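Have a look at the structure below, then the notes.
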Amino acid sequence: MAAMEVPRDLNAVLDAAWEAARKVPGYLMENEARLLGTIAACAPGAGSIVEIGSFKGKSTVMLATVAAHYGLGKIVAIDPHNSPELLDLKANPEASTFQDFLNHIEAAGVAEHVEVHRAYSRDVSSDWDRPIRFLWIDGDHTYEGAKTDFDGFFPHVVAGGVVALHDALNVFSGPIRVFVEDMLRSEHFGAAGFVHSIAWSQYRPEDGKTFEEQRARLERVAAPLIPIVREDKPLHGLKKIHFKLKRSRVPRAAVDPSKWLSLLERVQG
Ligand SMILES: C[S@@+](CC[C@H](N)C(=O)[O-])C[C@H]1O[C@@H](n2cnc3c(N)ncnc32)[C@H](O)[C@@H]1O
């Protein structure tokens, strides 16, 4: 499967996109945002970019700025905007992030490049029928939540497309378990990695098996985190030290766009 080329102006576009996104309050580091922009610009295949969990629009602005520049279509941004807490999803209209979200995408000049769904992911996935090139999961971080997001949209991801989950290396049960169980242990996925707390892998239904060793290496260091974060509760004392020690074995350095694309090409060894 041939990967796309890195556009010559990508680094400048990522700089501009981060300049816009960093002003938006939210949960995304610069190296994570640049990875999202790289995937949006470079992942092979054709289809939508779907974001589950927009909050106030930080990752939406990053992705939409890149998508607008390269004519990649609207970012599909899904969020009920009624649950300011990641693990306490009781509807709370008083705490809605919706107006902030709209203001931020407007201020960044990308509102027309965003398809807004004020909804839970399951209500959008239930009648979704479009191909997806990049599935970005940053919604409910419980296991049930992340698994619902993955199961609802993954059937629409095109060969060569990428799935990424946020907070896979933080203390949440969902993203790391879905990444290990549904992606690293699947012969249908190819290259995989972490950048800061984002876990990503490319869907390679035809030849994912050729990336088996690489996925297994990552699984060996990532899977031990699953039981430690199972309860979705903050860790203290020895448990916290134990988690950090295990997490330090996971490679998660930033990658520049050409290195990222070369990872998609690499097989065994
Ligand atoms: C960590 S925040 C997203 C951060 C955002 N991507 C950013 O860059 O700042 C998680 C968001 O997921 C949303 N959310 C929770 N459950 C959801 C679900 N089932 N479907 C879609 N969004 C959900 C919450 O409302 C919250 O705004």
Taking first residues from segment 154-175 that are closer than 18 Å to Leu264 by Cα and second residues anywhere that are of a type in the set (Asp, Glu), the pairs with Cβ under 7 Å that are 6 or more apart or on different chains are Ala159/Glu206
Given the condition within 12 Å of the ligand (Cβ to nearest atom), surrounded by 16 or more Cβ atoms within 10 Å (Cβ to Cβ), of a type in the set (D, E, K, R) and over 23 Å from Gly161 (Cα atoms), answer yes or no: does some residue in segment 49-67 qualify?
yes
Please count how many residues of segment 134-147 are crowded, with 24+ Cβ neighbours inside 10 Å and basic (Lys, Arg).
0
Long-range neighbours under 7 Å by Cβ, at least six apart or interchain, first residue closer than 14 Å to Val66 by Cβ within segment 17-32, second in a helix (DSSP H, G or I) and near the ligand (Cβ under 7 Å from one of its atoms)
Ala21/Lys58; Leu28/Lys58; Leu28/Ser59
Per the list (1) outside any helix (DSSP H, G or I); (2) within 24 Å of Lys239 (Cα to Cα); (3) touching a Leu at 6+ places or on another chain (Cβ under 6 Å); (4) more than 13 Å from the ligand (Cβ to nearest atom), residue check on Leu169 breaks on (3)
Can you name the number of the only condition in (1) under 24 Å from Leu36 (Cβ atoms); (2) at pLDDT below 95 that Val250 fails?
(2)
Could you check, for segment 83-96, whether at least one of its residues is basic (Lys, Arg) and either within 21 Å of Cys42 (Cα to Cα) or part of a helix (DSSP H, G or I) (or both)?
no
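Every residue, every condition in (1) modelled with pLDDT of 95 or more; (2) in contact with a Leu (Cβ under 6 Å, 6 or more places away or on another chain); (3) not β-branched (Val, Ile, Thr), yes or no:
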{"position": "Met4", "(1), (2), (3)": "no, no, yes"}
{"position": "Val13", "(1), (2), (3)": "yes, no, no"}
{"position": "Leu28", "(1), (2), (3)": "yes, no, yes"}
{"position": "Asn31", "(1), (2), (3)": "yes, no, yes"}
{"position": "Leu35", "(1), (2), (3)": "yes, no, yes"}
{"position": "Ala40", "(1), (2), (3)": "yes, yes, yes"}
{"position": "Gly57", "(1), (2), (3)": "yes, no, yes"}
{"position": "Thr60", "(1), (2), (3)": "yes, no, no"}
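Determine which member of the set Leu135, Leu102, Leu72 is away from the ligand (no atom under 13 Å from the Cβ), outside any helix (DSSP H, G or I) and modelled with pLDDT of 95 or more. Even if it seems obvious, please write down each step before you answer.
Values: Leu135 fails: away from the ligand (no atom under 13 Å from the Cβ); Leu102 fails: outside any helix (DSSP H, G or I).
One residue alone meets the criteria, Leu72.
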Of the numbered conditions (1) on the phi > 0 side of the Ramachandran plot; (2) more than 12 Å from the ligand (Cβ to nearest atom); (3) assigned to a loop (DSSP other than H, G, I, E, B), Gly160 fails exactly one; give the number of that condition.
(3)
Selection from segment 30-48 of residues that are surrounded by fewer than 20 Cβ atoms within 10 Å (Cβ to Cβ) and closer than 21 Å to Gly109 by Cα:
Glu30
Looking for whichever is basic (Lys, Arg), touching a Ser or Thr at 6+ places or on another chain (Cβ under 8 Å) and farther than 15 Å from Pro44 by Cα here; the options are Arg177, Arg130. Which one fits?
Arg130
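Could you check segment 224-269 for helices (runs of 4 or more DSSP H) lying wholly inside it with 3 or more residues that are over 30 Å from Ala12 (Cα atoms)? Give the derivation first.
Working: elements: 225-229, 237-247, 257-265.
Where helices (runs of 4 or more DSSP H) fall fully within segment 224-269 and carry at least 3 residues being over 30 Å from Ala12 (Cα atoms), they are 225-229, 237-247.
What residue, of Leu218, Leu264, Leu245, is surrounded by 20 or more Cβ atoms within 10 Å (Cβ to Cβ), farther than 21 Å from Val6 by Cβ and not polar (S, T, N, Q)? Don't jump to the end; show me each part of the working.
On the way: Leu264 fails: farther than 21 Å from Val6 by Cβ; Leu245 fails: surrounded by 20 or more Cβ atoms within 10 Å (Cβ to Cβ).
Being surrounded by 20 or more Cβ atoms within 10 Å (Cβ to Cβ), farther than 21 Å from Val6 by Cβ and not polar (S, T, N, Q) holds for just one of Leu218, Leu264, Leu245, which is Leu218.
Before we move on, is His81 touching a helix residue (DSSP H, G or I) at 6+ places or on another chain (Cβ under 8 Å) and not small (Gly, Ala, Ser)? Write out each step before concluding.
Values: touching a helix residue (DSSP H, G or I) at 6+ places or on another chain (Cβ under 8 Å): yes; not small (Gly, Ala, Ser): yes.
The answer is yes for His81.
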Find all pairs meeting these conditions: Cβ atoms under 7 angstrom apart; at least six residues apart or on different chains; first residue within segment 108-132 and more than 15 Å from Ser59 (Cβ to Cβ); second residue surrounded by fewer than 16 Cβ atoms within 10 Å (Cβ to Cβ).
Pro131/Ala46
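The values are calculated or read from the model by the stated rules, or taken from the named source; none is laboratory data. Computed from a prediction, not measured in an experiment: that's the story for all the values here. In this analysis, Cβ positions are derived from the backbone assuming ideal geometry, glycine residues included, and neighbour counts consider all displayed protein chains.
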